[in-house]
Each structure stands twice: as structure tokens, then as C-alpha cells.
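Asks: Pasting a structure here, questions to come.
The values are calculated or read from the model by the stated rules, or taken from the named source; none is laboratory data. What you are looking at is a predicted structure, and each value in this text was computed from that prediction instead of being measured. Using ideal geometry, Cβ is built from the backbone for each residue, glycine included, and neighbour counts are taken over all protein chains shown. These area figures cover heavy atoms from the full protein model, side chains too; ligands, DNA and RNA do not enter into them. Shrake-Rupley method; radii C 1.70, N 1.55, O 1.52, S 1.80 Å.
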Amino acid sequence: LEVVDIEDFVYKIWDSKDFLDTVSNDLTLANQLIEQFITQTRTYLITAKEALYMKNIQSLIVIGHTLKGSSATISAKALAEAARNLEDSGKNMDLTEAAKNINEFSALFTKFEFIAKEQLEEWKKLK
């Protein structure tokens, strides 16, 4: 059984302190951006799965690139890395790897959503 440092685990998924620094500690803006990110990412994940089914390599590359940028913007480092892997698998025209990368991103995103919702609740208490 592996002991996991929860703070380190959360930090690897999302560096919320770095993100707050990026938005100059504006909690209202931070909240809006995270909510937008979650909504848009859900849509992109659906589109990525459709692109995989249709074997649309170009769409997978664009989606991976877009998710990489938006994840990096909000300091979600693990998501940005997973999206980079998706983009690379598209560039390598490897649909099997793309499917694994979509699943990896999706699993990390589920964890991110949980962490983000808890963080947003904490921020609401500070307003």
C-alpha cells in the first residue's frame, strides 16, 4: 500500500496558488475562469471522443493543442501534460495511443473537477 501525500497529489493536478497569482488574486475572476474551463473541457472531451471514432487525426491534434493551452493557463500541469500527449499521438497518427491519452486526460479532469469544486467553495468563504 502506497502512502500518498494529498497536498502533493493536488498540486500535481492543479497549482491553484500559481493560478491565483496569475489572476492577481481576483477570486471572482478565478471562479469565472475555472467554471468556463470546466464547461469547455467537458465539450472538448466529447468532441475528442467523436474525432477518435471518426478517425479525424487533425481534430485530435487541434483538441489536444487547445486543451494543452487552456490547462496550462489555469496552472493545471498534469492536464496540460496529458493534453500534450494527446496532441503528440495525433501528430504521430497513432489512434490507439490517442484513445489512451483521451482516457488519461479524462481521468485527470475528473480529479481536477473534484479538487476545483472544493477550492471554489473555499474561495467563496473568503469573499
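Asks: Of the conditions (1) open to solvent by 70 Å² or more (accessible area, probe 1.4 Å); (2) closer than 18 Å to ASP15 by Cβ; (3) at pLDDT below 95, LYS124 clears all except one; give me its number.
Replies: Here LYS124 meets the rest and fails (2).
Asks: In region 10-54, how many residues are open to solvent by less than 40 Å² (accessible area, probe 1.4 Å) and not acidic (Asp, Glu)? Give the derivation first.
Replies: To start, the set of residues in region 10-54 that are open to solvent by less than 40 Å² (accessible area, probe 1.4 Å) comprises 13-16, 19-20, 23, 27, 30-31, 34, 37-38, 41, 45, 48, 51.
Retained after the next criterion (residues that are not acidic (Asp, Glu)): 13-14, 16, 19-20, 23, 27, 30-31, 34, 37-38, 41, 45, 48, 51.
Selection size over region 10-54: 16.
Asks: If a residue must be open to solvent by 50 Å² or more (accessible area, probe 1.4 Å) and either without any contact (Cβ under 8 Å) to a residue 24 or more places away in the chain or of a type in the set (A, V, I, L, M) (or both), how many such residues does region 79-94 contain?
Replies: Qualifying residue count for the region: 5.
Asks: Considering region 103-119 alone, what residues qualify as being closer than 22 Å to LEU45 by Cα and touching a residue at least 40 places away in the same chain (Cβ under 8 Å)?
Replies: Answer for region 103-119, where residues must be closer than 22 Å to LEU45 by Cα and touching a residue at least 40 places away in the same chain (Cβ under 8 Å): PHE105, SER106, LEU108, PHE109, LYS111, PHE112, GLU113, ILE115, ALA116.
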